[in-house]
Every structure is written in C-alpha cells, then in structure tokens.
Amino acid sequence: MTFTEQSTPPAEDPIEQVNSTALTGKKAFILGIANDQSIAYGCARAMRKMGADIAMTYRNDKTKSYTQPLADALDVPSELYLPCDVQIEGQLEAVFEALTRHWGRLDIALHSIAFAPREDLHGRVVDCSREGFLMAMEVSCYSFIRMAHLAEPLMKNGGALFTMTFYGAERVFEHYNVMGPVKAALQTAALYLAAELGPKGIRVHPISPGPIKTRAASGIGRFDELMERAAARAPERALCTIEDVGLATAFLATDFAKMITGDVMYIDGGYHIVG
Ligand code: 0WD
C-alpha cells in the first residue's frame, strides 16, 4: 500500500458497521481533534458509535469553525465544546470545571496531542534547544499528567485514560528526533499513572499507532518513506487508519478490557515486532 492509498477512505466505514452499545452512558472527554483526519476523531467516532457521550475541545478561535461540524457529528453539547490550548494557563482546568458542572463524573479521557518547535523537531537531538525540549515535554507529555490529575476525582467509578505514543520512543527512527525522548517520557509516565490510579479502578493505556498521514505527521521529515517502509515490513502488510485506532481504543474503554492496564498497545499491523 502506498502513502496515497491510505488517505482514500475505506469503501465501507468500519465504524459505521459497529453494532455494540458497550459504552452507552459513558462520558468521554477527547483532547486533540484538529480535523477529520485526526487520530482523536477516529477514537471519538468509535466511542460515540458504541454509545458514549462526547466532550471535545478546539485549540483556538481560528480552528473552532473547522472542528464545529465534527463536534456536531459527535453530538457534543455546546457547553462541552470548549477552547483548550494546554499552554494557556487555566484552559484545561476550565474544561474540567465544565465537565464537573455538566456531567459530574467522567469515564474516559483521551489525550492525543503533541508539539515540538519546527527547528528542534527537524534537528538532531544533540542540538535540541532547552526551550524547544521543555515546550515539547510540556505539551506532549506533562499535559497528560495534568489531565490524569484533573480526571482522577471525576472518575468516581473508575475509568480509562488514553494517550498516543509512537514506536520511535523505543527505537531510533530517522527524522523522529526530539519526539523520541518525549514519547519515551510519555510512555513511562503512563506506566506510573497506571500503577498509581489502578487501585481506584482507573486504567491507563498508552496507544502506539503505526504511521498515519495527519497534520501532526506532516511535521516529521520524510514521513512518506516511513509510511512506505511500515506498509512493506509490517506483518499485516498494511498501514493502520484512524478507524483502526479508534475501534481498538474504544474496545479498551469498555468493561471487556477491565483487566488490561499500563501496557503499550501497538496498533500497527505488527510493525513493532519487525521494524
Ligand atoms: O502517524 C501518526 N500520525 C502518529 C501520531 C503515530 C503515532 C502517534 N501519533 C500521535 C501524535 O504524536 C499525537 O500525540 O497521535 C497524537 C495525535 O496526532 P495526529 O492525530 O497525528 O495529529 P493532528 O490531527 O494534527 O492532531 C494533533 C493536534 C494538533 O493539531 P494542529 O495541527 O492544530 O496543531 O494536537 C493539538 C492540535 O490540535 N495540539 C494541541 N492541543 C492543545 N494544546 C497543542 C496545545 N498546545 N499543540 C498541539
């Protein structure tokens, strides 16, 4: 499969085929829907299809109108469609205040954001600036810890926390650069959160999708080559889609997965075992 083929929507939308109500009544907060290609959108759609109620955010006023149709498609109430740039003091907290007001509880929180300044992302790790490193860590890793901290008191009946990582955390991928160590920190933070929150019935899942053509991915150098290699080498000889990631993530949010926590969940056609 080539880069171009992956961006063609599947003839039959696998999320539309789902016939499960396993998430009915569950309250899910989704952070990181930038457009309809976002991994977070695949996850939100799958969860909604299984019956979950969705809250979501937009990054700023410029992006608000782009994501409004997606919020409508997910039946997000206007009170739970809120601005959230994790670098702006108080915005994530304001979202959790709204969740507390409107739902009074939370079952699922999904973190699907990452950022590193272009110059640092495109340079060697050894040349990374202090500011660039700290910013990448704050947006891509620490914000997940903050999210878990805010979610804990709302997950009164337990719950599931998700974050998106990449295999470049464990092995050197050319051009992944500073995001490698940042994702390694994120994955390890997820393990500690799983251990700390497990006694309260809160599960933590670092999800590791294979390469998918998204806006964030367009910031990684020679991403096309990475995709071609993954498609050729993965045991399943295919690239994953946001629908694949969404469906597997939605499954992990159900009670069927209640004894699974803390594991990195690879959704990559097996690429990580050969890549
Ligand atoms: O191949 C891929 N696309 C993979 C992505 C493979 C494995 C993992 N991932 C990860 C990414 O590293 C990221 O953590 O999945 C997550 C989601 O990425 P995506 O779905 O690939 O990318 P995209 O649709 O661009 O969503 C990322 C969004 C940003 O989009 P824009 O293009 O508007 O920057 O992260 C958000 C933003 O919406 N974001 C922020 N949100 C709040 N506050 C911030 C911030 N400071 N910075 C970025």
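The values are calculated or read from the model by the stated rules, or taken from the named source; none is laboratory data. All of these numbers come straight from a predicted model, not from anything done at the bench. Cβ placement follows ideal geometry from the backbone for every residue including glycine, while neighbour counts extend to all protein chains displayed. Side chains are part of the model used for accessible areas, which takes the heavy atoms of the whole protein and leaves out ligands, DNA and RNA. Shrake-Rupley method; radii C 1.70, N 1.55, O 1.52, S 1.80 Å.
Go over the candidates Tyr142, Tyr81 one by one and state the one that is modelled with pLDDT of 95 or more and more than 25 Å from Gly180 (Cβ to Cβ).
That would be Tyr81, the only listed residue that is modelled with pLDDT of 95 or more and more than 25 Å from Gly180 (Cβ to Cβ).
Looking only at residues in region 40-57 that are outside any helix (DSSP H, G or I) and more than 15 Å from the chain's Cα centre (by Cα), which one is surrounded by the most Cβ atoms within 10 Å (Cβ to Cβ)?
Only one residue tops the list, namely Ala52.
May I ask you to list the residues in region 208-255 that are farther than 16 Å from Gly168 by Cα and among the β-branched types (Val, Ile, Thr)?
The answer is Thr214, Thr241, Ile242, Val245, Thr249, Thr254.
Considering every residue within region 83-102, establish whether at least one is closer than 15 Å to Ile30 by Cα, surrounded by 13 or more Cβ atoms within 10 Å (Cβ to Cβ), touching a residue at least 60 places away in the same chain (Cβ under 8 Å) and away from the ligand (no atom under 15 Å from the Cβ).
Within region 83-102, one or more residues are closer than 15 Å to Ile30 by Cα, surrounded by 13 or more Cβ atoms within 10 Å (Cβ to Cβ), touching a residue at least 60 places away in the same chain (Cβ under 8 Å) and away from the ligand (no atom under 15 Å from the Cβ).
If I filter region 168-197 down to residues being more than 17 Å from Thr249 (Cα to Cα) and in contact with a Ser or Thr (Cβ under 6 Å, 6 or more places away or on another chain), which single residue comes out as surrounded by the most Cβ atoms within 10 Å (Cβ to Cβ)?
Val182
Ile33 versus (1) part of a loop (DSSP other than H, G, I, E, B); (2) at pLDDT 95 or above; (3) open to solvent by 20 Å² or more (accessible area, probe 1.4 Å): which is the lone unmet condition?
(3)
Considering each of Ala109, Ala46, Ala28 in turn, give the residue that is closer than 20 Å to Phe162 by Cα, of a type outside the set (Phe, Trp, Tyr), touching a Phe, Trp or Tyr at 6+ places or on another chain (Cβ under 8 Å) and more than 9 Å from the ligand (Cβ to nearest atom).
None of the others qualify; the one that does is Ala109.
Report the residue count in region 58-78 for those that are closer than 27 Å to Asn19 by Cα and either crowded, with 21+ Cβ neighbours inside 10 Å or within 13 Å of the ligand (Cβ to nearest atom) (or both).
Number of matching residues: 5.
Within region 36-54, is even one residue touching a residue at least 24 places away in the same chain (Cβ under 8 Å) and acidic (Asp, Glu)?
yes
Please note which helices (runs of 4 or more DSSP H) are completely contained in region 212-275 and include at least 2 residues that are open to solvent by less than 40 Å² (accessible area, probe 1.4 Å) and farther than 21 Å from Ser20 by Cβ.
Correct list: 223-233.
I'd like the residue in region 109-158 that is of a type in the set (Lys, Arg) and under 26 Å from Ala195 (Cα atoms) and, out of all such residues, is least open to solvent (accessible area, probe 1.4 Å).
Arg146
Among the candidates Ala195, Ala185, single out the residue that is assigned to a helix (DSSP H, G or I), out of contact with any Phe, Trp or Tyr (no Cβ under 6 Å at 6 or more places or on another chain), more than 13 Å from the ligand (Cβ to nearest atom) and at negative phi.
Result of the check over Ala195, Ala185: Ala195.
What is the residue count in region 160-182 for residues that are near the ligand (Cβ under 7 Å from one of its atoms) and in contact (Cβ under 8 Å) with a residue 60 or more places away in the chain?
3
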